[in-house]
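Peer 1: Handing you this structure, nothing more for now.
The values are calculated or read from the model by the stated rules, or taken from the named source; none is laboratory data. Predicted model only: the values in this text are computed from it and were never measured. Using ideal geometry, Cβ is built from the backbone for each residue, glycine included, and neighbour counts are taken over all protein chains shown.
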Amino acid sequence: MAQGAVKGKAKPKKPAKKSVPMRKGGRVIAPKKSRIIHQQKLKKNLEVEIRKKIEHEVTQKASSNMPKKLALLKAPDQGKKDKGGVAGGSKA
């Protein structure tokens with residue numbers, strides 16, 4: 001066996017990482033150029049405004065066809081669940 005290179009020892013296998021479940025929402029790679037960042041921010045704001053306007057028009061058309069007036073309900077804030085609990089009160 002004078003001709004070939006010496007084979008390396010086999011390395012022990014590492015355990016595979018657990019797969020993390022997919023998260024909701026689109027994936028966007030943040031751009032490095034400020035002009036592109038500004039364009040993306042403007043585009044997002046325009047999309048939000050257009051969606052709000054469409055929703056408003058749809059509710060107006062739906063309410064005009066109904067004999068009873070429609071009322072829009074707002075979802076409660078997710079961050080303000082525990083207001084009554086004591087966070088870090090001191091005992092005096």
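Peer 1: Can you tell me which residue among 25, 4 is in a loop (DSSP other than H, G, I, E, B), at positive phi, modelled with pLDDT under 80 and surrounded by fewer than 10 Cβ atoms within 10 Å (Cβ to Cβ)?
Peer 2: After applying the criteria, what remains is 25.
Peer 1: State the number of residues belonging to region 54-77 that are under 32 Å from the mean Cα position of the chain (by Cα), aliphatic (A, V, I, L, M) and not in a helix (DSSP H, G or I).
Peer 2: Total satisfying the criteria: 5.
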